[in-house]
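Q: After the structure tokens below, expect a handful of questions from me.
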Amino acid sequence: MPGPPPKPAEKARKLGNPGKRKMPDRSNVVALPSMKTDKPDTLGADGSRFWDQTIEVCSGWLGNSDYEMVRLCAEAMDRRAFMLRVLAEEGWSVVTDKGYPYKHPLVGPLMELESQIGKWMAALGMTPADRTRMGVAEVKARSVLEQLREKRG
């Protein structure tokens with residue numbers, strides 16, 4: 001079973017390459033063009049909201065090659081919103097003609113869709129762990145000492 005994922009080259013350089021592994025040459029690093037931001041016409045309200053937020057927050061690390069995945073995720077957000085509206089109207093469980101309750105037929109597809117959305121978002125670096133793995137950003141909690149210094153100064 002493999003260990004933890006390797007540290008991104010940027011992070012290893014910053015730490016002084018503690019593993020002493022061969023690092024990629026910086027001259028070979030390719031700068032990706034920023035992702036085009038024109039919103040697809042196919043998006044509804046929820047997909048548009050997701051698109052706008054993604055462009056605002058993630059544009060620093062998304063490239064043109066990520067456009068289709070962001071579009072797919074935004075369209076999936078519209079489908080998710082539709083499913084949630086149907087479930088809110090019809091209920092999360094239905095009753096058979098003999099009076100037996102069972103879960104609504106949309107519950108399974110909704111769970112699968114939400115799982116796929118999570119995978120796409122992780123691939124795009126939209127979770128703290130994935131941003132850290134990518135070397136994009138790291139969430140750091142402030143220590144008690146830092147909080148006290150901030151209050152004092």
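The values are calculated or read from the model by the stated rules, or taken from the named source; none is laboratory data. Just so you know, these numbers come straight off a predicted model, no measurement behind them. Quick reminder, even Gly has a Cβ in these numbers, built from the backbone with ideal geometry, and neighbours come from all protein chains shown.
Q: Taking residue 19 as meeting all but one of (1) modelled with pLDDT under 70; (2) in a helix (DSSP H, G or I), write down the number of the exception.
A: In the conditions (1) modelled with pLDDT under 70; (2) in a helix (DSSP H, G or I), residue 19 misses (2) alone.
Q: Out of region 106-144, which residues are hydroxyl-bearing (Ser, Thr, Tyr), modelled with pLDDT of 70 or more and either crowded, with 16+ Cβ neighbours inside 10 Å or not in a helix (DSSP H, G or I) (or both)?
A: Residue satisfying the conditions is 127 alone.
Q: Of all residues in region 86-103 being small (Gly, Ala, Ser) and on the phi < 0 side of the Ramachandran plot, which is farthest from the chain's Cα centre (by Cα)?
A: 93
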